[in-house]
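Beneath this line is the structure, given in structure tokens, with notes to follow.
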Amino acid sequence: MQHKSELDFKADVLEASYHQPVVVDFWAAWCGPCRVLGPVIEQIAREQSARWNLVKVDTEAFPEVAEAYHIQSIPNVKMFYQGEVIAEFAGAYPRHAILEWLDAHLPDPRKAVAAELLQQLPASRAQVRELIDTHPDLSEPRVALAKHLIFTEPQEAETLVQDIPLGDKWYEAASDIRALTQLMQSDFSEGTPVAQALTQAQQALRRDASSPEGIQQIIQAVLADKHFQQDLPRRAAIALFRLWGDAHPLTQAHRRQFDMALY
């Protein structure tokens with residue numbers, strides 16, 4: 001972290017950002033919100049010093065820099081990478097919001113590698129598994145691989161997402177996967193109408209994950225007993241619709257029918 005009276009913006013920010021992202025906090029001594037933000041972002045900078053560097057720019061001392069970057073209100077925070085501004089925010093963000101902003105915008109070479117491998121699934125399954133083993137903190141590859149395994153290897157799919165915590169941006173997707181793996185692994189041998197419908201849904205989804213019969217049988221289970229096994233029929237239907245997406249033909253064909261079945 002650099003907080004000094006002399007500043008070489010080209011060297012300290014622009015050139016330095018080719019080696020590591022640089023976050024610039026534009027502030028002034030008279031600014032009350034700046035005094036709120038300053039200690040928070042400085043503490044985070046110390047905690048994450050291996051990922052990015054913080055440079056504090058006093059807009060009173062360096063008005064030409066503030067003018068060059070169109071600073072009209074402070075505090076104003078900009079992230080520089082490879083000489084360019086790639087993200088910014090204005091105002092005294094609380095700690096959790098700063099952490100979310102950093103997580104969303106900090107360049108991460110691992111994510112670029114992951115994105116390329118995920119585009120090649122399922123052919124790249126072994127490489128994605130290796131990536132997960134090497135970087136267990138990356139949630140997206142876990143979710144992406146699990147989606148490919150829900151209906152053929154549900155136990156492995158469940159294991160992949162079981163540690164994704166509440167608050168993670170992929171938590172909702174992980175919850176959907178857990179609902180569907182519960183559906184695929186459960187023994188519905190009661191002989192009741194809801195159990196019979198879910199058994200047929202299992203069989204249809206194992207044959208073809210995009211089979212209309214799968215969602216049709218789940219909707220029948222909702223009609224029979226939507227609260228069965230902690231709302232499993234309802235949760236499984238919603239999970240399927242989100243897995244497919246709003247534009248998918250099966251979502252468009254059956255979402256209204258499902259909504260009506262709920263009520």
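The values are calculated or read from the model by the stated rules, or taken from the named source; none is laboratory data. In this text, all values refer to a predicted model and were calculated from it rather than measured experimentally. All Cβ positions, even for glycine, are placed from backbone atoms using ideal geometry, and neighbour counts span all protein chains on display. All accessible areas refer to the heavy atoms of the entire protein, side chains included, with ligands and DNA or RNA removed. Shrake-Rupley method; radii C 1.70, N 1.55, O 1.52, S 1.80 Å.
Go through region 33-58 and give me each residue that's closer than 10 Å to PRO75 by Cβ, free of Cβ contacts under 8 Å to residues at least 40 places away in the same chain and either of a type in the set (Phe, Trp, Tyr) or open to solvent by 30 Å² or more (accessible area, probe 1.4 Å) (or both).
Within region 33-58, ARG35 is the sole residue that qualifies.
Which residue pairs have Cβ atoms under 7 Å apart, sit 6 or more places apart or on different chains, and have a first residue in region 238-263 that is closer than 20 Å to GLN182 by Cβ and a second that is open to solvent by 40 Å² or more (accessible area, probe 1.4 Å) and modelled with pLDDT of 95 or more?
Partner pairs satisfying both residue conditions: PHE241/ARG255; LEU243/LYS147; ALA261/LEU223; LEU262/ARG234.
Check off (1) open to solvent by less than 70 Å² (accessible area, probe 1.4 Å); (2) free of Cβ contacts under 8 Å to residues at least 24 places away in the same chain; (3) of a type in the set (Gly, Ala, Ser) for ALA61 and give me the number that stays unchecked.
It fails just one condition, (2).
Can you find a residue that is open to solvent by 10 Å² or more (accessible area, probe 1.4 Å), under 13 Å from ASP25 (Cβ atoms), in contact (Cβ under 8 Å) with a residue 12 or more places away in the chain and part of a loop (DSSP other than H, G, I, E, B) anywhere in region 75-90?
Scanning region 75-90, I find no residue that is open to solvent by 10 Å² or more (accessible area, probe 1.4 Å), under 13 Å from ASP25 (Cβ atoms), in contact (Cβ under 8 Å) with a residue 12 or more places away in the chain and part of a loop (DSSP other than H, G, I, E, B), so the answer is no.
Would you point out which residue out of PHE151, PHE188 is at pLDDT below 95, of a type in the set (Phe, Trp, Tyr), in contact with a helix residue (DSSP H, G or I) (Cβ under 9 Å, 6 or more places away or on another chain) and under 17 Å from LEU232 (Cβ atoms)?
Checking each option against the conditions leaves just PHE188.
State which residue is surrounded by the fewest Cβ atoms within 10 Å (Cβ to Cβ) when the search covers only region 91-139 and only residues that are under 19 Å from the mean Cα position of the chain (by Cα), over 20 Å from GLN48 (Cβ atoms) and of a type in the set (Asp, Glu).
In this case the residue turns out to be ASP133.
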